[in-house]
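What follows draws every value from the coordinates through simple rules; no lab data is involved. Since the structure is predicted, the reported quantities are computational estimates derived from the model, not experimental observations. Positions of Cβ are backbone-derived with ideal geometry, glycine not excepted, and every protein chain shown enters the neighbour counts.
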Amino acid sequence: MGAVTLDSVVARCDDIVAGVVDADLIMMSIESGKYYQLNPSAGRIWNLLEQPRKVAEICQLLSKDFKVTPEACREDVFRFLEDLVSRKIMAIRG
C-alpha cells in the first residue's frame, strides 16, 4: 500500500455498502462483515468519492465546506484516507 499524497487518486472499494442513518453514514464491508459509522465530515469525503478523485481536490472542497485551514484539512484527510485504505474501504488508484 502506498502512502496517500495530494496527487493520489482515491476510490471506493466495490464491496462496501452504505446508507444514512440520522445524520451519520453507516457502511458495511461485505468482505469482512464489519460496520463503520462516519461523522458528517467523513461522510462528505465518502460522498465526494462517488467517482475517483485526487486527494488535493477533496482537501480543497473540504477546506471550504468546513472552514478549516488547508494544512489542518490535509492532515486530517491524509490520516482518514490512510485508515480507510488499510481497512480496504478505499483504494489508491493512481
- Message: Going residue by residue through segment 7-17, is there one that turns out to be free of Cβ contacts under 8 Å to residues at least 12 places away in the same chain and either loosely packed, with under 12 Cβ neighbours inside 10 Å or in contact with a strand residue (DSSP E or B) (Cβ under 8 Å, 6 or more places away or on another chain) (or both)?
- Response: yes
- Message: Could you check segment 29-46 and list, in sequence order, the residues that are under 14 Å from the mean Cα position of the chain (by Cα) and surrounded by 15 or more Cβ atoms within 10 Å (Cβ to Cβ)?
- Response: Tyr36, Leu38, Ser41, Ala42, Gly43, Arg44, Ile45, Trp46
- Which residues, counting only those in segment 70-94, are exposed (fewer than 13 other Cβ atoms within 10 Å of the Cβ) and part of a loop (DSSP other than H, G, I, E, B)? Arg93, Gly94
- Task: For segment 47-69, name all the residues that are free of Cβ contacts under 8 Å to residues at least 40 places away in the same chain, part of a helix (DSSP H, G or I) and either surrounded by 13 or more Cβ atoms within 10 Å (Cβ to Cβ) or touching a strand residue (DSSP E or B) at 6+ places or on another chain (Cβ under 9 Å) (or both).
- Result: Asn47, Leu48, Gln60, Leu61, Leu62, Ser63, Asp65, Phe66
